[in-house]
1. Scan the strands (runs of 3 or more DSSP E) fully inside the stretch 1-90 and keep the ones with 2 or more residues being within 11 Å of the ligand (Cβ to nearest atom).
2. Quick one: would you say Arg135 is among the charged types (D, E, K, R) and surrounded by 20 or more Cβ atoms within 10 Å (Cβ to Cβ)?
3. Between residues in the stretch 1-24 that are under 22 Å from Met133 (Cβ atoms) and residues that are assigned to a helix (DSSP H, G or I) and modelled with pLDDT under 95, which pairs lie under 7 Å by C-beta distance while being six or more apart or on different chains?
4. Would you check which residues across the stretch 177-219 are out of contact with any Phe, Trp or Tyr (no Cβ under 7 Å at 6 or more places or on another chain) and among the aliphatic types (A, V, I, L, M) and list them?
5. Being within 20 Å of Leu144 (Cα to Cα) and small (Gly, Ala, Ser) is the requirement here; does Gly38 meet it?
6. Please go through the stretch 163-192 and give me each residue that is more than 24 Å from Thr216 (Cβ to Cβ) and either among the basic types (Lys, Arg) or surrounded by 15 or more Cβ atoms within 10 Å (Cβ to Cβ) (or both), ordered by number.
7. With respect to Phe30, determine if the residue is within 23 Å of Glu210 (Cβ to Cβ) and modelled with pLDDT of 95 or more.
Amino acid sequence: MEPDFWHERWHSNQIAFHQDEVNPFLRAHFGRLHTGAGASVFVPLCGKSLDMVWIADQGVGVTGVELSPRAVEAFFAERGLTPQRRTQSGFEEYVAGPYRLLCGDFFALSPALLPAPMFVYDRASLVALPQPMRRRYVVHLCSLLSPGARILLVTFEYDQAQMDGPPFAVSDVEVRAHYDEGFEIERLAREDVIEREPRFRERGLSALTESTWLLTRRP
Ligand SMILES: C[S@@+](CC[C@H](N)C(=O)[O-])C[C@H]1O[C@@H](n2cnc3c(N)ncnc32)[C@H](O)[C@@H]1O
């Protein structure tokens, strides 16, 4: 998916991926990230997700990266926050309260802009990308992380022949292929969610499972 695809989605308000409620897997498993005081959670491809609000309510900071200025500005406006803005290494940085959102291309992020994140929340980020981009995404994400870093990852599995992505189906095998080399991998949950996701049934799916993973970077 190229940037124009996402800009057009935000421009035309075709943002069905945006949830009006906090993701239940985040609520259930956030504790497994073991964030401590002063921690910050990195949210790649963050959109204007309410999950960031819930994470901040746990007493930690949130750093997101998002292509669309519309999404970033809507996130702050919907919270009644007026962020401070500055340009940094090609990104527009918006900061208010516990939130620091970098507007720009995830693939252009450098460690200088994002000092080694220890905690990552990935919902609708890896699965938003087609297969060749997913490999690039994982390689780039890993280049930003330090040993011991933990990722809470949410993935979807379904028959890709029944529906075009995004979101794309990401199998267990694929998760392990991406992360096996450098991470301890623990699956925290796997649930059949087709009943509570009618929009996917309307798009042709007969079955849909959602998995939550805890990935811990080996030293
Ligand atoms: C499927 S949405 C998910 C958003 C959010 N994670 C959520 O749960 O609502 C994917 C988001 O990633 C953004 N995006 C796509 N490619 C990106 C990139 N290369 N760099 C930064 N953001 C990107 C899109 O604009 C879109 O808001």
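1. Details: elements: 40-44, 61-66, 84-88.
Of the strands (runs of 3 or more DSSP E) lying wholly inside the stretch 1-90, those with at least 2 residues that are within 11 Å of the ligand (Cβ to nearest atom) span 40-44, 61-66.
2. On the way: among the charged types (D, E, K, R): yes; surrounded by 20 or more Cβ atoms within 10 Å (Cβ to Cβ): no.
Against the criterion (among the charged types (D, E, K, R) and surrounded by 20 or more Cβ atoms within 10 Å (Cβ to Cβ)), Arg135 does not qualify.
3. Ala16/Arg199
4. Ala177, Val193, Leu214
5. Values: within 20 Å of Leu144 (Cα to Cα): yes; small (Gly, Ala, Ser): yes.
Criteria met by Gly38.
6. Taking the stretch 163-192 first, the residues more than 24 Å from Thr216 (Cβ to Cβ) are 163-169, 192.
Those that are more than 24 Å from Thr216 (Cβ to Cβ) and either among the basic types (Lys, Arg) or surrounded by 15 or more Cβ atoms within 10 Å (Cβ to Cβ) (or both): Met163, Gly165, Pro166, Pro167, Phe168, Ala169.
7. Numbers: within 23 Å of Glu210 (Cβ to Cβ): yes; modelled with pLDDT of 95 or more: yes.
Spelling it out, Phe30 is indeed within 23 Å of Glu210 (Cβ to Cβ) and modelled with pLDDT of 95 or more.
Residue by residue, here is whether (1) within 14 Å of the ligand (Cβ to nearest atom); (2) in contact with a helix residue (DSSP H, G or I) (Cβ under 7 Å, 6 or more places away or on another chain); (3) under 21 Å from Phe17 (Cα atoms) holds:
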{"position": "Pro130", "(1), (2), (3)": "yes, no, yes"}
{"position": "Leu153", "(1), (2), (3)": "yes, yes, yes"}
{"position": "Ala161", "(1), (2), (3)": "no, no, yes"}
{"position": "Arg201", "(1), (2), (3)": "no, yes, yes"}
{"position": "Leu205", "(1), (2), (3)": "no, yes, yes"}
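The values are calculated or read from the model by the stated rules, or taken from the named source; none is laboratory data. Everything quoted here is computed from the prediction, not taken from an experiment. Here Cβ is always computed from backbone atoms with ideal geometry, including for glycine, and neighbour counts include all displayed protein chains.
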